[in-house]
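What follows is a set of notes on a single structure, which appears directly below.
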Amino acid sequence: MGLRTFIAGWPVYRQLTGTDPLGRGAAARSARSAALTARTETADSVARSVCPYCAVGCGQRVFVTDGRVTQIEGDPDSPISRGRLCPKGSASKSLVTSPLRQTKVRYRRPYATEWEDLDLDTAVDMIADRILAARAATWEDVDDAGRPLRRTLGISSLGGATLDNEENYLIKKLFTAMGALQIENQARI
């Protein structure tokens, strides 16, 4: 390769001698940068989702390649966010792909100093046992005047902002059936 060819390949030379004096287009493009493609172009599939961070419910597009999340962007079809995400929503890919993400149920027994891993079935059984015990211990069948109450103040529910109407409906039905009165959602707080 001659000196002339070498200098002609220089971005500064292309900027000064070409049609791109500000160096924002072809003058700044190298062979390597010309070969780059967006992670979203090579995705196998795109799933629509909702940002999990607050009660706004911004729409997200989740790009997946080979079964792994490769990019998360704002959904331009979302009437709420119109393709925009706040800094936390923009960084939500790390929520899914971070090597620090917990993927097992962690439990620390009372008075213990160490965490232990539990399988999901054991953890769900422990939660169910505690709900039933709290309900039994705090159940109020009637008030002092003998009027029926059929309630418990020992359990409550606080739903998350990413739950849709159907999920909130089912949670409300479940906790009402258990006799709970304190049923709230983050979106209203």
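All of the numbers you see were taken from the coordinates with simple rules; none came from a lab. Small disclaimer: the values here were computed from a predicted structure and weren't measured. All Cβ positions, glycine included, derive from the backbone under ideal geometry; neighbour counts span all protein chains shown.
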Exercise. Please state, as a whole number in µm²/s, the translational diffusion coefficient that the Stokes-Einstein equation yields for the range 45-97 at 25 °C and 0.890 mPa s, with Rh defined as the Kirkwood radius across alpha carbon pairs.
Key: 226
Quiz item: Each residue of the range 40-50 in turn: what ³J(HN,Hα) in whole Hz from Karplus with 6.51, -1.76, 1.60 and θ = phi - 60°, glycine and Pro shown as x?
Solution: 6, 6, 9, 5, 6, 8, 10, 10, 8, 8, 10
Quiz item: Over the Cα atoms of the chain, how large are the radius of gyration and the largest Cα-Cα distance (Dmax), in Å?
Solution: 27.7, 102
Exercise. Can you tell me how much longer the chain between N168 and Y13 gets when fully stretched, taken as 0.36 nm per residue apart minus their C-alpha distance, in nm with one decimal?
Key: 49.6 nm
Quiz item: How much length is gained if the chain between R48 and A123 is pulled fully straight, taking 0.36 nm per residue apart and subtracting their Cα-Cα distance, in nm to one decimal?
Solution: 24.0 nm
Exercise. Treating only the Cβ atoms of Lys and Arg (+1) and Asp and Glu (-1) as charged, compute the dipole magnitude of the chain about its Cα centre; round to the nearest 20 debye.
Key: 1080
Quiz item: Expressed as an acute angle from 0 to 90° and rounded to the nearest 10, what is the orientation of the C-alpha long axis of helix 165-177 relative to the principal long axis of the chain?
Solution: 20
Exercise. Could you pull out every residue, at least 5 positions away or on a different chain, whose amide H is within less than 5 Å of the one on T65? Hs are placed 1.01 Å off N in the peptide plane, and Pro or chain starts have none.
Key: D44, T70
Quiz item: So what's the back-of-envelope 222 nm ellipticity for the chain, counting only DSSP H runs of four-plus at -39500 (n - 2.57) apiece and dividing by all residues, rounded to 500?
Solution: -8500 deg cm²/dmol
Self-check item: Cα→Cβ-extended label distance, 7 Å offset, between T97 and E116, nm
Solution: 3.6
Quiz item: How far is the Cα center of the range 60-116 from the Cα center of the range 19-37, in Å?
Solution: 34
Exercise. Set Lys and Arg Cβ to +1 and Asp and Glu Cβ to -1, take the dipole of the range 105-189 about its Cα centre, and tell me which of L118, L149, N185 lies farthest positive.
Key: L149
Quiz prompt | Virtual spin-label span in nm between V64 and L149, 7 Å along Cα→Cβ | solution = 4.7
